[in-house]
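So the structure is just underneath, and the comments pick up after that.
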């Protein structure tokens, strides 16, 4: 394993936590706009339809994946600018 990859591990861990917080906030805002409700449905909420529960889960997964990829990519690009090597 390259030294840059080892040095990047704690940074990647911190970025992962930050991306989770960003994605959570983005999902809450998206759900307010799309779902016309404050809270997204839980899978065990008996008063919500299957369609609503599955749509919320799919939306949440998509937002988390996009935010994580964007944050990871930006972190790797910043590491390359600072060290001259890609942390792969």
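Every number in this text was worked out from the coordinates using simple rules, so none of it is lab data. Everything numeric in this text was worked out from a predicted model, so none of it was measured. Neighbour counts are summed over all protein chains in view; Cβ atoms, including those assigned to glycine, are modelled from backbone coordinates with ideal geometry.
Site pair residue 44 and residue 26 shows an inter-label distance of 2.9 nm when each label is modelled 7 Å from Cα along Cα→Cβ.
Stretching the chain fully between residue 33 and residue 72 yields a gain of 11.4 nm (0.36 nm per residue, less the alpha carbon separation).
Averaging 1/r across all pairs of distinct Cα atoms in the chain and inverting the result yields a Kirkwood radius of 14.8 Å.
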